[in-house]
Amino acid sequence: MAVVTDATMPELPEVEVVRRGLEPYLRERRIDGVSVHHDRAIRRHLAGERDFIDALTGRQVETVSRRGKYLWLPLDDGRALVAHLGMSGQLLLPPPDQSDETHLRVRLSFAGADRDLRFVDQRTFGGLFVDDLVDDGDGGAVPASVAHIARDPLDPKFDDREFSRALRARDSGIKRALLDQSLISGIGNIYADEALWRGRLHYDRPARTLNSRQVAELLGHVRDVMTEALAEGGTSFDDLYVDVNGSSGYFDRSLQAYGREGEPCERCGRPIVREPFMNRSSYRCPTCQRRPRSA
């Protein structure tokens, strides 16, 4: 596979892999220790380090939740510890005898537990902060900072019909719309390119030109590729996106468009091309995904 040089962010599958790893261990655990090793890791907690430590110490983690790319630990006081992974953030539960603390930014220990939660971040673009939980309008709660984020396509309460209506009202290209987290969350550059390849759609085709059947098919491709990625632990190009045990996903071996510049399309054999898109890149087959005349 071609070397990928775009700066990528973890998308829904990578974040869900982490959530599934954390949830069974952290559910109903009480935090009994917090240490901050790099102040940049809590820069989004505007009240500062002392307040961050005091807000968490003694609190019980209710569960581990996610919406799109956003992950949080609801607490027993109506607030949540929100994690933004950025480009290289990792939430790890290493075994007790693992002493490697390279790039350790924040550590949480738990009463009666032999493992602690470590936030590791090589590039320090991610971070943790405590936020108030607010009503999500459907009987649940989300951090106030996440309330503007749309539901993701794997959410049981995702409204396919409303999404189709909103997408078809957009004048922008399809990919730009898919990356809009206020319209549909969890999709980033990798899985947008994969879903569009499966749907034989050019990224710049105006969203308003799709009919309801085509939107349904595209949404099906999005769900399929994300479900398949989840089954393989997500996509890891440089060992930065890992599960809570530090293991990399291997869905990069199954990618059919993203990162495959110059390699033959698995449908028609034409080399995949890479083109500039929103300060990133888009990968497509020039035969299967023809550029629309208006683009």
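The values are calculated or read from the model by the stated rules, or taken from the named source; none is laboratory data. Everything quoted here is computed from the prediction, not taken from an experiment. All Cβ positions, even for glycine, are placed from backbone atoms using ideal geometry, and neighbour counts span all protein chains on display.
Apart from one condition, V36 fits all of (1) of a type outside the set (D, E); (2) within 25 Å of G188 (Cβ to Cβ); (3) touching a helix residue (DSSP H, G or I) at 6+ places or on another chain (Cβ under 8 Å); the exception is (2).
Within the stretch 11-28, track down each residue that is in contact with a Gly (Cβ under 7 Å, 6 or more places away or on another chain) and in a helix (DSSP H, G or I).
The initial filter retains those residues of the stretch 11-28 that are in contact with a Gly (Cβ under 7 Å, 6 or more places away or on another chain), namely 11-14, 17.
L12, P13, E14, V17 - these are the residues of the stretch 11-28 that are in contact with a Gly (Cβ under 7 Å, 6 or more places away or on another chain) and in a helix (DSSP H, G or I).
Scoring R165 on the criteria (1) outside the structural domain of D121 (by TED's automatic domain parsing); (2) modelled with pLDDT of 95 or more; (3) surrounded by 21 or more Cβ atoms within 10 Å (Cβ to Cβ) leaves a single failure, condition (3).
Note on the stretch 192-210: among residues that are hydrophobic (A, V, I, L, M, F, W, C) and in contact with a His (Cβ under 8 Å, 6 or more places away or on another chain), the one that is nearest to A229 (Cα to Cα) is A195.
Do the conditions hold for R66, that is, is it assigned to a strand (DSSP E or B) and of a type in the set (K, R)? Before you say what the answer is, go through the steps one by one.
Working: assigned to a strand (DSSP E or B): yes; of a type in the set (K, R): yes.
So R66 passes the test.
Specify the residue that is farthest from Q289 (Cα to Cα); the eligible residues are those in the stretch 186-198 that are at pLDDT 95 or above and buried (at least 21 other Cβ atoms within 10 Å of the Cβ). If you could, list the steps in order and put the result at the bottom.
Step one: list which residues in the stretch 186-198 are at pLDDT 95 or above, which gives 192-198.
Filter once more, so that each one left must be buried (at least 21 other Cβ atoms within 10 Å of the Cβ): 192-197.
Numbers: A192: 13, D193: 11, E194: 12, A195: 12, L196: 8, W197: 7 Å.
Going through the qualifying residues, I end up with A192.
Out of A41, A47, A55, one residue alone is over 24 Å from M226 (Cβ atoms), assigned to a loop (DSSP other than H, G, I, E, B) and at pLDDT 95 or above. It is A47. Scanning the stretch 114-149 for residues that are within 15 Å of Y70 (Cα to Cα) and hydroxyl-bearing (S, T, Y) yields one hit, S145. A257 fulfils the conditions (1) at pLDDT below 95; (2) under 30 Å from V17 (Cβ atoms); (3) assigned to a loop (DSSP other than H, G, I, E, B) except for a single criterion, (1). So for the stretch 81-95 (the condition being surrounded by 17 or more Cβ atoms within 10 Å (Cβ to Cβ) and in contact with a Pro (Cβ under 7 Å, 6 or more places away or on another chain)), does at least one residue qualify? Taking every residue of the stretch 81-95 in turn, at least one turns out to be surrounded by 17 or more Cβ atoms within 10 Å (Cβ to Cβ) and in contact with a Pro (Cβ under 7 Å, 6 or more places away or on another chain).
Being in contact (Cβ under 8 Å) with a residue 24 or more places away in the chain and within 17 Å of the chain's Cα centre (by Cα) narrows it down to one residue among L91, L117; which is it? So that I can check it myself, show each step before the final result.
Values: L117 fails: within 17 Å of the chain's Cα centre (by Cα).
Every option except L91 fails the conditions.
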